[in-house]
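Visitor: Below is the structure I would like to discuss, written out as structure tokens.
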Amino acid sequence: MWIDADEINDLTDQLGESGRRVMEIEKAYKRLEMERDQVHATLEETEALVGQEQGKLQRLQVELSNAKTETERRLAEKDEEMENVRSVVYSDSPHRRRRLRAPIVSS
């Protein structure tokens, strides 16, 4: 079986083309590896930021809860003060009216 020059040239061209394809595939593979590494780094950074933001959120929720508790406590104190003032004003009211109606005695 003899291979003529044209077949040798065709096979050489095919081999060269295959070599170029392998090189292109290797370049694409390296590029994809770099992209994967970049995506992985971005994911890690994002996860770290999410963790920080979750910590901030938890602190703010605690602060909000504390502020709400304090506000409710103050409101309850003010309600109690107002109720005490009302009870003094309304229970003392007839007595005050009598004193206001009494004549003023000068000395």
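The values are calculated or read from the model by the stated rules, or taken from the named source; none is laboratory data. Being a predicted model, the structure only gives us computed values, none of them experimental. Don't worry about glycine lacking a Cβ; one is built from the backbone with ideal geometry, like all the others, and counts go over all protein chains shown.
Visitor: Is it fair to say VAL50 is in a helix (DSSP H, G or I), at pLDDT 95 or above and under 19 Å from the mean Cα position of the chain (by Cα)? Walk me through how you get there before you give the answer.
Guide: Details: in a helix (DSSP H, G or I): yes; at pLDDT 95 or above: yes; under 19 Å from the mean Cα position of the chain (by Cα): yes.
Here the answer is yes, as VAL50 does meet what is asked.
Visitor: Would you mind stating whether ARG99 is basic (Lys, Arg), modelled with pLDDT of 90 or more, at negative phi and in a helix (DSSP H, G or I)?
Guide: Numbers: basic (Lys, Arg): yes; modelled with pLDDT of 90 or more: no; at negative phi: yes; in a helix (DSSP H, G or I): yes.
The answer is no for ARG99.
Visitor: Could you identify the single residue in ASP92, ASP37 that is at pLDDT 95 or above, surrounded by 10 or more Cβ atoms within 10 Å (Cβ to Cβ) and either among the charged types (D, E, K, R) or assigned to a helix (DSSP H, G or I) (or both)?
Guide: Working: ASP92 fails: at pLDDT 95 or above.
Going through ASP92, ASP37 in turn, the sole match is ASP37.
Visitor: Just one of ARG59, ARG86 is basic (Lys, Arg) and modelled with pLDDT under 95; which is it?
Guide: Values: ARG59 fails: modelled with pLDDT under 95.
After ruling out the rest, the residue left standing is ARG86.
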